[in-house]
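Worksheet: the structure to be examined is printed underneath.
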Amino acid sequence: MDEIRKTPSPKPRSRDPGKGGRELLHGRLDNFELAYRKKDGTHVHTLLSARPLTFEGEECLVAVARDISGHKETMEALRVSEEKYRVLVENAREGIIVSQKGRVVFANERAVTLSGFTLDELGDYSLAELIFPDDLEEALDRYRRVLKGENLEGDLEYRIVDRRGKIRRSVRISR
């Protein structure tokens, strides 16, 4: 920064300073989200931080505004994308189970129906515990190979078991 400019204080627009103004009256304003429209009509989203200070004997306000418009647009696009994905997965005719670190962390309604477990019960199991023991080694081998980046062809069929260990039904597992 080459210079500090002093700008006259604008005339107050209202008697109520609003949330940000009340915070500033207490000495500081941190990351206050502010949206406004520019002269050309475009909208800008900013994070505003401000501090009062004395400069050359005068009370001043130092304010920094960071444009977060791109971040807001990205977050909205992500929200829309996640909603589309959620609707697709929840309404799929196939059972979809997601496991992380070996545990079932998500199952759509069709997977719950096919497995015979409740959604809460599925969360108590690892994916390996749901596969019939005779099919387990082949399923785990395929799983490890996919994690290593191998591009495996086709789908395989495995039997899944219910909470009593009985074969519930045969399911096709795709990569």
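Laboratory data are not the source of any read-out in this text; all were calculated from the coordinates shown. Since the model is a prediction, treat every value here as computed from it, not as a measurement. Using ideal geometry, Cβ is built from the backbone for each residue, glycine included, and neighbour counts are taken over all protein chains shown.
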For region 74-175, max minus min Cα coordinate along each principal axis, in Å, sorted largest first? 46, 33, 24
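Once you charge only the Cβ atoms, +1 for Lys and Arg and -1 for Asp and Glu, what is the size of the charge dipole of region 47-135 about its Cα centre, to the nearest 20 debye?
Numbers: 10 positive and 17 negative charges, 32 e Å.
The calculated dipole for region 47-135 is roughly 160 debye.
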Given 20 °C and 1.002 mPa s, how large is the Stokes-Einstein diffusion coefficient of region 102-150 in µm²/s, with Rh as the Kirkwood radius over Cα pairs? 182 µm²/s
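Return ILE160, ILE96 ranked ascending by Cβ neighbour count within 10 Å, so the fewest neighbours appear first. Walk me through the numbers on the way to the answer.
On the way: ILE160 23, ILE96 14.
By the 10 Å Cβ count, ascending: ILE96, ILE160.
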Karplus-derived HN-Hα couplings along region 127-143 (A = 6.51, B = -1.76, C = 1.60, θ = phi - 60°), whole Hz, x at Gly and Pro: 4, 5, 6, 8, 8, 4, x, 5, 9, 4, 4, 5, 5, 5, 4, 4, 4
Proxy reagent accessibility, fewest Cβ within 10 Å first, across ARG51, ARG93, ARG86: ARG93, ARG86, ARG51
